[in-house]
Amino acid sequence: MLELRGVSVSYGPVEAVRGIDLDVGEAEIVALVGPNGAGKTSTLRAISGFVPHEGTIRFDGTDLRKLSVQAAARRGLIHVPEGRHVWPTLTVHENLQVGTTARRGRAEGYTIEEVYDLFPPLSTLRRRDGWALSGGEQQMVAIGRALVAGPRLLLLDEPSLGLAPIVVKTLFGALAEIGKRTPILLVEQNTVMALKICTRACVMVTGEFVLRGTGAELADRTALVASYLGERTEVHAG
């Protein structure tokens, strides 16, 4: 579904992404984990066409240089950026309805009722304005709006950032279900949760992949992953 070969992203003299190769197949959740400034978000932005890149990015066999951001979205490349962007003066239901415009002419996608099934808290908030939602509720709306847009590949940037642990658990439960139907490329700093649901993961440091493996393999190498992420781990005797 997605193929990156030798992809680099630079901002002036600063090289944020350095010649990476990456694939995302059907029915996969691939996680990019790493410290701040590793190049994860720049990778997603290059895929979506928000920043220029060197190398080749193909989506479902098509070179993305040939498509505008809007054309790629209409083909099902749907990006949910960091920051929980919802329309503040539209209700939850209206926000979800906006998402349907990107899938015109395509059969793929989730119905709004399916979104309410994935995110039960939204079902009782259909008429609430976006500005009155909590951070977790806004994130659910943002992802739900992406789902009704008919994603053939879903790009998610830090979906759990700033959310309470109980909300994060609900969110990742929904992402695991979504991943059974829609491939996901997930950028996430909550490494533990990301590794629980992903098919494969890549640890990114200073613009390069320094470690790859299945979610289970990397979960079993917690200390090594933590060392790359600059995290401390504790060893308990007994």
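A compact table of results
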quantity: Residues within region 63-84 that are more than 19 Å from residue 40 (Cα to Cα), free of Cβ contacts under 8 Å to residues at least 12 places away in the same chain and among the small types (Gly, Ala, Ser), tallied; calculated: 1
quantity: Candidate set: region 183-200, residues that are closer than 12 Å to residue 40 by Cα and modelled with pLDDT of 90 or more; chosen: the one surrounded by the most Cβ atoms within 10 Å (Cβ to Cβ); calculated: 186
quantity: Residues being farther than 21 Å from residue 180 by Cβ, of a type in the set (Gly, Ala, Ser) and either within 16 Å of the chain's Cα centre (by Cα) or surrounded by fewer than 20 Cβ atoms within 10 Å (Cβ to Cβ) (or both) - total across region 125-159; calculated: 4
quantity: Residue pairs meeting the criteria (Cβ under 7 Å; at least 6 apart or on separate chains; first under 19 Å from residue 28 (Cα atoms), in region 206-225; second of a type in the set (Phe, Trp, Tyr) and surrounded by 16 or more Cβ atoms within 10 Å (Cβ to Cβ)); calculated: 211/228
quantity: Elements of type helices (runs of 4 or more DSSP H) in region 133-238, at least 2 residues being within 16 Å of residue 115 (Cβ to Cβ) and of a type in the set (A, V, I, L, M); calculated: 135-148, 165-178
quantity: Identity of the residue in region 1-27, acidic (Asp, Glu) and closer than 20 Å to residue 181 by Cα, that ends up surrounded by the most Cβ atoms within 10 Å (Cβ to Cβ); calculated: 3
quantity: Candidate set from region 84-124 (those that are crowded, with 20+ Cβ neighbours inside 10 Å, part of a loop (DSSP other than H, G, I, E, B) and of a type outside the set (Lys, Arg)); member that is modelled with the highest pLDDT; calculated: 119
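The values are calculated or read from the model by the stated rules, or taken from the named source; none is laboratory data. It should be emphasised that the depicted structure is a prediction, and the values quoted were computed from it without experimental measurement. With ideal geometry, Cβ positions are generated from the backbone for all residues, glycine too; neighbour counts draw on all protein chains shown.
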